[in-house]
Every structure is written in structure tokens, then in C-alpha cells.
Amino acid sequence: MPSDTLSLLEANAPPNPLELFAQWYLAAQAAQILEPSAMTLATATADGQPSARMVLMRGFDERGFTFYTNYLSRKAGELAQNPRVALVFHWPQLERQVRIEGGVEKVSVAESDAYFRSRPFGHKLGAHASDQSEVIASRQVLEDRLNELLKRFHENDDVPRPEHWGGYRVLPRTIEFWQGQANRLHDRLRYQRIDGGWKLDRLGP
Ligand SMILES: Cc1cc2nc3c(=O)[nH]c(=O)nc-3n(C[C@H](O)[C@H](O)[C@H](O)COP(=O)(O)O)c2cc1C
């Protein structure tokens, strides 16, 4: 889809940014972008050192955006110290970026269980095998762990969710939509959560 057919005007912006996100996410899926759910997740330590990495968004609704990870990882440690994050989606074929900032909470145990159950067998074992973010002696350590797990569990077994693996929900306070336009006159619409509603502003590109 050429970018000149895509516009981002206040007149077409719904009052709720989650609605606009849903439209854009559908468009990203329709454009067959590789991993449209991939997003950069930025966290920071209590004293303000930021770090960023990619994660996959596994769902979104009125409450926020969920991803799954290891609760003992570096990012989890930073979230425990400082439960504030930023997310960035980039869908280059559509010349679109979405930036999200806000707080974060763990999803319920039931939600993590349900999502873990839906994962492929190999991914379930991978969650057990990896001490995410820890220094390990060699790749062999991972292979050995996986082989041990393959002795304990078989394809159709009910693999339990590791207690240290689960979801987080990012609770958006700001969501900005960026649409590339000709002559660098890009559109930027920013929604901010204020008094239970959403305030909309246009920002300079
Ligand atoms: C496209 C992509 C998607 C990823 N998705 C996830 C994910 O959903 N969850 C996760 O824990 N790590 C995911 N990773 C790995 C993370 O980027 C990162 O290496 C890992 O979570 C450890 O980060 P940390 O040490 O900062 O905690 C993904 C990496 C890439 C490149």
C-alpha cells in the first residue's frame, strides 16, 4: 500500500486509541509484515539506566498490551525496581510507528497458565530449559537440559508452566501514532490518558 493513501487526520481518529491500534494492527497483519507483533520493550533500573529488547505482543485490549517472559530475567528485575516501560512497534512497509508509555503489572496466574497451555510443546520445554539472562557455560548446557526434559515429557503431555514464566500487561498512559508522509511532513497523533478519558494532540514531526 503506498504511503500516500494512508493518512492520519484528527477527523478520522477515534476517541479511543485502542480502537486505532486495532485498525493499524489489522492493517499490519493484512500487509503480511513479518512478525507484526514484534515490539521493542524499554525498561530502566531504579537509577535510570535504560535497556531495550524485542518481545512479541501476545494480546491487547482496553486494559493494555501483554507479553510473556521469564520473571527472573534482567527485564523482570528492572520491572520490579521500576514498573514503568515504553514500547515501540514499527511497521516499515506501511511507514507506521506506534509508541506506548505507561506502567506495567503481571497478568493473572490463570491468564499465564492459559497462554502457556496454548504454546507448542518445544516452546514449553524451552521455557523450562532456559535461565533467561543468566551467564551459562556453553550452548551444551542448554542442549543437555532440553534432552533431560525430553526424557520426562512427551509431545502430548501436560507440561506445567514454570512458576518463573508468565505475562506482563503494559498499562498505557500515552500512545502515539506516527504515519510517514511526503516531504518529511509526517503525521503524529498523541493520546494521553487524563481523568479517565483520552486527550488527543498533534505533534510536530
Ligand atoms: C523478534 C523477537 C521477539 C522476541 N520475543 C520475546 C518474547 O516474547 N519474550 C521474551 O522473553 N523474549 C523475547 N525475545 C528475546 C528478547 O529480545 C531478549 O533477548 C530476552 O527476553 C532477554 O532479555 P533481558 O535479558 O533484557 O531480560 C525476542 C527476541 C526477538 C528478536
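Any read-out appearing in this document is the output of simple, stated calculations on the displayed coordinates, not a laboratory observation. All values derive from a computational prediction rather than experimental measurement. Cβ placement follows ideal geometry from the backbone for every residue including glycine, while neighbour counts extend to all protein chains displayed.
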Study note, to complete from the structure: Listed by range, strands (runs of 3 or more DSSP E) wholly within the range 139-205 having at least 1 residues that are under 22 Å from VAL109 (Cα atoms), in contact with a helix residue (DSSP H, G or I) (Cβ under 6 Å, 6 or more places away or on another chain) and small (Gly, Ala, Ser) are 165-179
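Quick grid of which residues meet (1) surrounded by 14 or more Cβ atoms within 10 Å (Cβ to Cβ); (2) of a type outside the set (S, T, N, Q); (3) under 17 Å from the mean Cα position of the chain (by Cα):
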site: SER73; (1), (2), (3): yes, no, yes
site: PRO83; (1), (2), (3): yes, yes, yes
site: ASN147; (1), (2), (3): no, no, no
site: VAL159; (1), (2), (3): yes, yes, no
Practice item. Mind telling me which of the residues ASP61, ASP113 ends up being closer than 21 Å to GLU163 by Cβ, more than 16 Å from the ligand (Cβ to nearest atom), surrounded by fewer than 18 Cβ atoms within 10 Å (Cβ to Cβ) and of a type outside the set (Phe, Trp, Tyr)? Key: ASP113
**Study point:** Single condition GLY102 does not satisfy, out of (1) more than 12 Å from the ligand (Cβ to nearest atom); (2) more than 23 Å from TYR191 (Cα to Cα); (3) surrounded by 19 or more Cβ atoms within 10 Å (Cβ to Cβ)
**Key:** (2)
Check your understanding: Hey, any hits in the range 72-89 for a residue that's polar (S, T, N, Q), within 12 Å of the ligand (Cβ to nearest atom) and on the phi < 0 side of the Ramachandran plot?
Key -> yes
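Based on what the data block shows, is PRO50 within 15 Å of the ligand (Cβ to nearest atom), touching a strand residue (DSSP E or B) at 6+ places or on another chain (Cβ under 6 Å) and either of a type in the set (S, T, N, Q) or more than 11 Å from VAL170 (Cβ to Cβ) (or both)? First the steps, then the outcome.
Values: within 15 Å of the ligand (Cβ to nearest atom): yes; touching a strand residue (DSSP E or B) at 6+ places or on another chain (Cβ under 6 Å): yes; either of a type in the set (S, T, N, Q) or more than 11 Å from VAL170 (Cβ to Cβ) (or both): yes.
Yes: the conditions hold for PRO50.
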